[in-house]
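Input: a single structure, listed below in C-alpha cells.
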Amino acid sequence: MFLWAKEPEYRPLGRMETNELVSTLDFLDQHQYSYKIEGNTVLVPEGDYQKIKLAMTRAGMSSAQENTGDDILMKDMGFGVSQRLEQE
C-alpha cells in the first residue's frame with residue numbers, strides 16, 4: 001500500500017497519431033522523462049507536465065492535441081444556446 005501511494009499521478013500529454021507518437025516518445029526517451037502509454041495517449045507525471053510541455057514547445061513539438069474537454073465551450077454557439085451547455 002505504501003509503494004502504491006508513492007507512485008506519482010499521471011496526466012495525459014495528448015492523444016496522438018502514430019507518427020507524432022513515435023517522435024514524442026523519442027523526445028521523452030532522449031530527455032529521460034518517465035511516461036506511460038495507454039493506446040495513442042501518452043501520460044506523464046503530473047509534477048513534470050509543465051516542464052515537459054515547455055520543453056516540447058521549445059523543440060517545436062507543440063502540435064500534440066490535448067483534449068481538455070472545454071473546446072466545445074470556446075466555440076461561438078450563436079443565439080439559442082441549450083440549457084445543458086449553459087450549465088457546463
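Viscosity 1.567 mPa s, temperature 4 °C: Stokes-Einstein D of the range 2-59 from its Kirkwood Cα radius, in µm² per second?
109 µm²/s
Of Lys53, Lys36, which has the most accessible area with a 1.4 Å probe, and how do the rest follow in descending order?
Lys36, Lys53
Of the heavy-atom accessible surface of the range 7-47 (probe 1.4 angstrom), what whole percent is carbon and sulfur?
Looking at the range 7-47 in its full context, I get 43 percent from C and S.
The values are calculated or read from the model by the stated rules, or taken from the named source; none is laboratory data. Everything numeric here is computed off the predicted structure, so don't read it as measured data. These area figures cover heavy atoms from the full protein model, side chains too; ligands, DNA and RNA do not enter into them. Shrake-Rupley method; radii C 1.70, N 1.55, O 1.52, S 1.80 Å.
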